[in-house]
Amino acid sequence: MIRATALAFVLVVFFFALPACAAIRYEVSLAQPEQHLFHVSMEVPDVHGQLTLQMPAWNALYEIRDFSSHVQQVEASVDGQLAAIEKLDKLTWRVTGTGTVTVKYATFWDDSGPFNSQLNAEHAFINPAMILMYVPNRRAEQSTVLLHDVPPDWKLASATTNSVLVSGQDRVFTLTAPTYDALADGPIELSNFEEFTIPDLSPPVRVVIHGNNYKKHDLEIALRKICAYELKLMDGAPYDHYTFLFHIGTAAAGAGGGMEHANSTAIYVPSGEFLPNVSAHEYFHLWNVKRIRPATLEPVDYTHEMYTRSLWFAEGVTSTYASYALVRSGVWNKQEFYRDLSMQITELQSRPAEHWQSPEQSSLDTWLEKYALYSQPQRSVSYYTQGQVLGVLLDIVIRDRTDNQRSLDDVMRAMNQDFAKEGKYYRDSLDVRLTAEKVTGGSLQDFFNRYVSGSDPLPYIDLLSKAGLTLEEKESVRATLGFSLQHQPDATFSVVSVEPNSNAESSGLQVGDVILRWNNADIPRRPERWTYQQKPGDMLHLHISRGGTEQNLDIQLGEQRQKLYQVVESASAPDRSKHLRDGLLHGTTDPVSASSH
C-alpha cells in the first residue's frame, strides 16, 4: 500500500511537471443561444504525424455520462488544409498529419444544474470537461479559451485564471489555465448576473448570482459567518481568490445541488434560504476532497470509473463539517443542528441496506447511483448520510477518550498538514484511521473495522450519551411516490416500477412511461429525497411520453408510516457529558494537561 501510493504520487508529479510545448487553444461561439449549441474550434500546435483526441466520459458526478453523445459535426484540418478525422470509439478521435491541427464540432447542452452545461437565451453555464476535448498525452499543457458571440448584456464569471474581456465590441472573453485539468475544474457562468464581494474576508470571496428569490443582506451575513469559521478552523485559506456561482429560483429549475471546485463552487437551489446549508458543505470541500484528497482519485482518468472507498469521509464528513460550521458560526441554533442529525439517523434507519452495505462499500458503489434499482432502500445507503453520522460519532469518541482535549477538528487539521500541504494523497480509510489514532493516542481499529469497513449497527445510544444526548423514537407519516424511475443513457427518466394499488397506478402511470417534466420543471436529481420534503396528499404534476404520445398525469402522493428518530439533550447527563456536548456544539477543546504528553 505504501509503495503503491508513493508510486502514484511520483506519477502525478511527473505528469504535471512535463514541459509545455505551446498553448492548446479553444474558441467557443455562443451565437444563437436559443439553439443550445456550443460551436467549438480546438487548435493543437506541434503535431507530429498523428493526433489523438478524447471527450471525457465523466466529470462532476461519479457517473459515466459519455459527453461525446452531445457532439456532432466533427471535422478537422492540418495547417488550414481539410484532413480526415477517424472516430476510434465513443470517446476518441484520431487525425493524421504534421503541423497545427484544428478540430471543429458542435455540442448540444441545455441541462440545468451544477453537474451539467447549458446554453439558452438566459445564460450560458459551462463545465469545460463537458464541451471541450483534450489531447490525452498533452493534458499538462497550458489551455486558452476564447468565448465569442457573447450577448451584449452578459458578463463572465469564473475562478479560472486570467478571465478577461479582450474585445468589448466583438464580445470576446478569454480564459487561461495552466493545464487541461485546471481548466476542467473551473466552471464558467455568462449572463447578466448580480455580484458582490463578501466583506471582511481575505483573500477575497466573490459571489455571483444568476436568478432571483433571495435576500442579499441575509445571504451576505450567512456566507461571511460560514467562510470565516471554516477559514479559522483550517488555519487559513488555501486559495488567493474564490468564487461562489449561484443559480437561484427559476434559474435552478429542478436540478438542485452543489459541485465543488479548487477555487469555486457552483450551486443550484430553488430559494436563497437553502444556500447557507449547501454553501457550508461546498466551501469545506476546499480542504476535504480538493486538497485533502484520496490517492484512489489521482491522477484523474476521464475515460472510466475511478473507484475509491473513502467517499464516506470525503463527502460524508464534509457534511459533518457543514453542520458544524452552521451551528458553530451561529447560522443555526443547536436545535437545528439536532434536527439535522436526527434526519440523517432516521434516513439510515429507514434503509434496510444499512445492515449489509458498509460506508466503504457504498463509496465504491457510487457509480451505480444513476440506476433506480440500486437507489431503492433495500439495495443501498448513502455514503453522505453514513459519513455525516460517523463524523459526529467519531468526534464524540475522540473527545471522550481524550477528556475533550482533542477532537475531529484536530484530525482534519492534521490531514491538511500531513497530506494537503505536503502535496500528498491519503490511502483511503487507512490514513484517516492512522491520523485519528495519532490525535487520540490509542487504537481506533475496532471502530473502523465495525463501522467503516464493516456494517455493524452504529452505536447511537451509547456514543450520544457520552455527549449528554439521547435518541428518542416515535412514529411518523411521510409522503411516497408509488413508483420508481430509471435514468436512461439519453438523459431521460423512465418509469421502471409502479406499486400495486398505489395512487400512481390509479392515476394511470405505467412502466415504460418517460417523464418529461416534473411539476412544470426538470426532474429532481434524487426523486426520493424530493419526496421527503413533501406531505402525503400533495399533488405531483407529470408530463410524460408514452408510445410517442405526450400527456399530463396528476398523482396524489401516498403515505407511509415510518419510525422517526430525534436527538435531544439528556436532562440527567453528568457534567462531564454536558461539557463534551458543549465542545461538540461550539468546536472547543480543553487545554492539554501535562499528564497527556
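The table below gives the values:
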quantity	calculated
Alpha-carbon gyration tensor eigenvalues x 5, square-rooted, for segment 10-179, Å	25, 18, 18
For segment 131-280, size of Cβ-based charge dipole, Lys and Arg +1, Asp and Glu -1, in debye	40 debye
Those lysines that a straight Cα-Cα span of less than 21 Å connects to LYS232, excepting residues fewer than 8 apart in one chain	LYS290, LYS334, LYS421
Amide H partners (placed H, <5 Å) of LEU564, local residues excluded	LYS474, GLU475, SER476
Estimated inter-spin distance, ASP149 and ASP89, nm [label 7 Å along Cα→Cβ]	3.3 nm
Spacing of the two label points (7 Å from each Cα toward its C-beta) at SER506 and THR197, in nm	6.0 nm
Sequence of ILE221, ILE198 once ranked by neighbouring C-beta atoms within 10 Å, starting from the fewest	ILE221, ILE198
Footprinting exposure proxy for TRP58, TRP367 (fewest neighbouring C-beta atoms within 10 Å first)	TRP367, TRP58
Residue among ALA322, THR98, PRO574 farthest towards the positive dipole end of the chain, charges placed on Cβ	PRO574
Lys, Arg +1 and Asp, Glu -1 on Cβ, resulting dipole of segment 10-179 about Cα centre, debye, nearest 20	400 debye
Mean separation of Cα contacts under 8 Å (6+ apart) over length of segment 482-556, as relative contact order %	25 percent
Relative contact order (%) - segment 193-286, alpha-carbon pairs under 8 angstrom, separation at least six	29 percent
Using a Förster distance of 60 Å, the FRET efficiency for GLN376-THR98 (Cβ separation, nearest 0.05)	0.65
Charged-residue dipole, Cβ positions (Lys, Arg, Asp, Glu), the chain about Cα centre, Debye nearest 20	960 debye
Difference of contour (0.36 nm per residue) and Cα-Cα distance, ASP538 to ASP575	8.7 nm
Exposure proxy ranking, count of Cβ atoms within 10 Å, fewest first, for HIS541, HIS487	HIS541, HIS487
For segment 209-239 versus segment 325-346, the gap between their alpha-carbon centres in whole angstrom	18 Å
Built amide H within the under 5 Å cut-off of GLU559, gap 5+	THR480
Charge-dipole axis of segment 211-287 as Lys and Arg at +1 and Asp and Glu at -1 on Cβ define it, positive-most pick from MET234, GLY249, VAL278	GLY249
Residue-averaged [θ]222 nm for the chain, counting only DSSP H segments that reach four residues, each worth -39500 (n - 2.57)	-8000 deg cm²/dmol
Residue (of ASN333, VAL381, TRP154) at the positive-pole extreme of the chain, dipole from beta-carbon charges	ASN333
Beta bridge orientation in segment 227-356: antiparallel %, DSSP, nearest 5	35 percent
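No value in this document is a laboratory result; all are computed from the given coordinates. Quantities reported herein were computed from a predicted structural model and do not represent experimental measurements. Virtual Cβ from ideal backbone geometry, glycine too; neighbours counted across all protein chains shown.
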